[in-house]
Amino acid sequence: MLEPQPIAAHVAYQIGAGDVLNINVWRNPEVSISVPVRPDGKITTPLVEDLQAAGKTSTQLARDIEKSLEKYIQQPLVTVIVTSFVGPYAQQIRVIGQAARPQALAYRQGMSLMDVLISVGGITDFAAGNKANIIRTVDGQRLALPVRLHDLLRNGDISANVIVLPGDILVIPEGWF
């Protein structure tokens, strides 16, 4: 059984493919724009083409954009705001099987199993909730860690609410009647 995890130390959010970024260049509205991060992890803005965004923080990306714009704008001041979050694939929480809406979720610091279940709309009537597992990579090895979804959802057993980590996969099997 999973032991309750302490809340992780602050981890800076990394931009991922599918995120939407609002890029503001101070006193230069013609190059300020809102752009999605392409599946290849890059963005294109006015005057800056194919700049790697995925895997960087918004501050790191802002400094990279400033360097690229220095050829065209004297001392550019750039701010990058992430307005729609998906995050890097390696940090997403994936929910598969008998969830009401199986999907990949952006990891949020301190996220618990209950937060994941709320995001996917709970489990179906056919789910074997107490036979669910979290697949987690620890020291390069994949572990299947049992979780008790029925106890958490139907019986209100808060001890079954564990912290999820970036990259976890929640597998909810179908029950047999």
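For this structure, a couple of remarks:
- Restricting segment 58-99 to residues that are open to solvent by 50 Å² or more (accessible area, probe 1.4 Å), modelled with pLDDT of 95 or more and among the aliphatic types (A, V, I, L, M), the residue that is nearest to residue 23 (Cα to Cα) is 81.
- Selection of segment 72-120 for residues being of a type in the set (S, T, N, Q) and either touching a helix residue (DSSP H, G or I) at 6+ places or on another chain (Cβ under 9 Å) or in a loop (DSSP other than H, G, I, E, B) (or both) yields 74, 75, 79, 92, 98, 103, 109.
Residues checked against (1) more than 25 Å from residue 57 (Cβ to Cβ); (2) aliphatic (A, V, I, L, M); (3) touching a residue at least 60 places away in the same chain (Cβ under 8 Å):
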position: 92; (1), (2), (3): no, no, yes
position: 97; (1), (2), (3): yes, no, yes
position: 114; (1), (2), (3): yes, yes, no
position: 130; (1), (2), (3): yes, no, no
position: 134; (1), (2), (3): yes, yes, yes
position: 146; (1), (2), (3): yes, no, yes
position: 160; (1), (2), (3): yes, yes, no
position: 166; (1), (2), (3): no, no, yes
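- Filtered residues of segment 46-57 (kept if more than 24 Å from the chain's Cα centre (by Cα) and either closer than 15 Å to residue 14 by Cβ or open to solvent by less than 40 Å² (accessible area, probe 1.4 Å) (or both)): 48
- Looking only at residues in segment 100-120 that are of a type in the set (Gly, Ala, Ser), in contact with a strand residue (DSSP E or B) (Cβ under 6 Å, 6 or more places away or on another chain) and within 16 Å of residue 161 (Cα to Cα), the one that is least open to solvent (accessible area, probe 1.4 Å) is 112.
- The single condition from (1) within 22 Å of residue 21 (Cβ to Cβ); (2) open to solvent by 10 Å² or more (accessible area, probe 1.4 Å) that residue 123 fails is (1).
- Positions within segment 103-123 being of a type outside the set (A, V, I, L, M) and within 15 Å of the chain's Cα centre (by Cα), in sequence order: 103, 107, 108, 109, 110, 112, 115, 119
- Every residue from segment 126-177 that is in a strand (DSSP E or B), surrounded by fewer than 16 Cβ atoms within 10 Å (Cβ to Cβ) and small (Gly, Ala, Ser): 144
The values are calculated or read from the model by the stated rules, or taken from the named source; none is laboratory data. Since this is a predicted model, take the numbers as computed values, not measurements. Backbone-built Cβ (ideal geometry, glycine too); neighbour counts: all protein chains shown. SASA here: full protein model, heavy atoms, side chains in, ligands and nucleic acids out. Shrake-Rupley method; radii C 1.70, N 1.55, O 1.52, S 1.80 Å.
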